[in-house]
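Read-outs: derived from the displayed coordinates by stated rules, not from any lab. Here the structure is a predicted model, which means the values were calculated and not measured. Cβ: placed from backbone, ideal geometry, glycine included. Neighbour counts: every protein chain shown.
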Amino acid sequence: MHKFFARMIDAFRPAEGPPPATLFAFFRWCLSGAWGGLAIAAVASALGGIADIVSAVLLGYVIDAVVGSSPETIMGEHLPLILGFVIFFWSSAPRSSACRPPRRA
């Protein structure tokens, strides 16, 4: 997966003409071959932010459920919520680690 993203941007591609004089035109000129990679990074960042928000909301629900219940009845009253919380974190944790670069020995 890391090699796929590494090949998306040709870092040694020759420039198309001289650099423009205005700032935003210069940004477009500099990033001309990187828009696809930047779009993927923006989407991944937005999805990561959404996952963080969902995890905070779920954690708040679980905390409210725990505070409002007795220790004897919490599992009976809130089992679907607790299972949803556990399933969300088990399913989202491996995806975040899959985006990391491979470890070097």
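At-a-glance table
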quantity: Highest-MSF residue in the chain out of 81, 58, 23 [GNM, Cα springs under 10 Å]; calculated: 23
quantity: Extended-chain gain in nm, criterion 0.36 nm per residue less alpha-carbon gap, residue 43 and residue 13; calculated: 8.3 nm
quantity: Trypsin sites (Lys or Arg not before Pro) lying in DSSP loop within segment 1-55, provided at most 15 other Cβ fall within 10 Å; calculated: 7
quantity: The chain: calculated mean residue ellipticity at 222 nm from DSSP helix runs of at least 4, using -39500 (n - 2.57); calculated: -23000 deg cm²/dmol
quantity: Computed magnitude of the charge dipole of the chain (debye, nearest 20; Cβ of K, R +1, Cβ of D, E -1); calculated: 780
quantity: For Cα Rg over 2.2 N^0.38 Å, calculated from these coordinates, the label among (1) 1.57; (2) 1.03; (3) 1.75; calculated: (3)
quantity: Hz values of 3J(HN,Hα) by residue in segment 73-88 - Karplus curve (6.51, -1.76, 1.60), Gly and Pro given as x; calculated: 10, 4, 5, x, 7, 10, 4, x, 5, 5, 5, x, 4, 5, 5, 4
quantity: FRET efficiency estimate (nearest 0.05) - Cβ-Cβ, residue 3 to residue 64, R0 35 angstrom; calculated: 0.20
